[in-house]
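Presented below is the structure to which this report refers.
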Amino acid sequence: MYTHEKAYREALMPENALQLLKEGNERFINNLAANHDLLQQVNATAAGQQPFAAILSCMDSRTSAELIFDQGLGDIFSLRVAGNVLNEDILGSLEYATQVVGSKLILVLGHTKCVAITGACNQVELGHLSGLLQKIRPAIDAETTVTNERDGNNPEFVEQVTKLHVQLTIAQIMEKSEIISDLIKEGKVKIAGGIYDVKTGKVYFLD
Ligand SMILES: [Zn+2]
């Protein structure tokens, strides 16, 4: 698979950008990865890049966005940090991806068995990690359906918090960034959320 031409990317609608990721994940789980000619892609992207999507995902070694969406060089901006938390630098990077480079889609991607989410649910404190885990706290506070064992030992609770954390992160991006919320209002950019299942390799997109 060759890197998409610039004109193709510019004409791409935000909804189609999401479809490209869905199709890529289908190829991944069916073990039908496209034959990425990475050296061709080096040449095709040497003069510049125009990734069609920016993906905020966890640093977890099992959740590499390029692999799970079967994308090659120059296809996506990949922003990775434990627990896919938002901070000022990531927000600035997302603004750069969309407003400056023209990416059509922002995807916030959580995943199952996330140690950061579990740690936050267990109120783990450790050096600089404590501050990072605090960023997951709003999702824990927002979770109201699980009545007992509201901690990291309860898979149901962790799963609920994981989903809420993705949804709240999307809300935060739109609330904090006028640049991105305007692009979304104008229909130039779409924002979506998903959960990657580390057992099956499948990404479940959230509404
Ligand atoms: Zn994780």
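Structure notes:
- Residue satisfying condition, being among the aliphatic types (A, V, I, L, M), within 16 Å of the ligand (Cβ to nearest atom) and surrounded by fewer than 19 Cβ atoms within 10 Å (Cβ to Cβ), within set VAL85, VAL81: VAL81
- Taken over the stretch 155-176, residues that are touching a helix residue (DSSP H, G or I) at 6+ places or on another chain (Cβ under 7 Å), within 15 Å of LEU107 (Cα to Cα) and of a type in the set (A, V, I, L, M) amount to 4.
- Selection from the stretch 99-149 of residues that are outside any helix (DSSP H, G or I), surrounded by fewer than 18 Cβ atoms within 10 Å (Cβ to Cβ), within 16 Å of the ligand (Cβ to nearest atom) and of a type in the set (A, V, I, L, M, F, W, C): VAL124, LEU126
- Candidates ILE106, ILE29 - the one that is modelled with pLDDT of 95 or more, among the aliphatic types (A, V, I, L, M) and within 30 Å of ARG137 (Cβ to Cβ): ILE106
- Residues (charged (D, E, K, R) and over 15 Å from the mean Cα position of the chain (by Cα)) located in the stretch 162-186: GLU175, LYS176, GLU178, ASP182, LYS185, GLU186
- Those residues of the stretch 36-68 which are away from the ligand (no atom under 16 Å from the Cβ), polar (S, T, N, Q) and free of Cβ contacts under 8 Å to residues at least 12 places away in the same chain, in sequence order: ASN43
- Looking only at the stretch 143-177, residues that are more than 22 Å from GLN99 (Cα to Cα) and small (Gly, Ala, Ser) come to 1 in all.
The values are calculated or read from the model by the stated rules, or taken from the named source; none is laboratory data. Model, not experiment: these values are computed from the prediction. We place every Cβ from the backbone using ideal geometry, glycine too, and count neighbours over all the protein chains shown.
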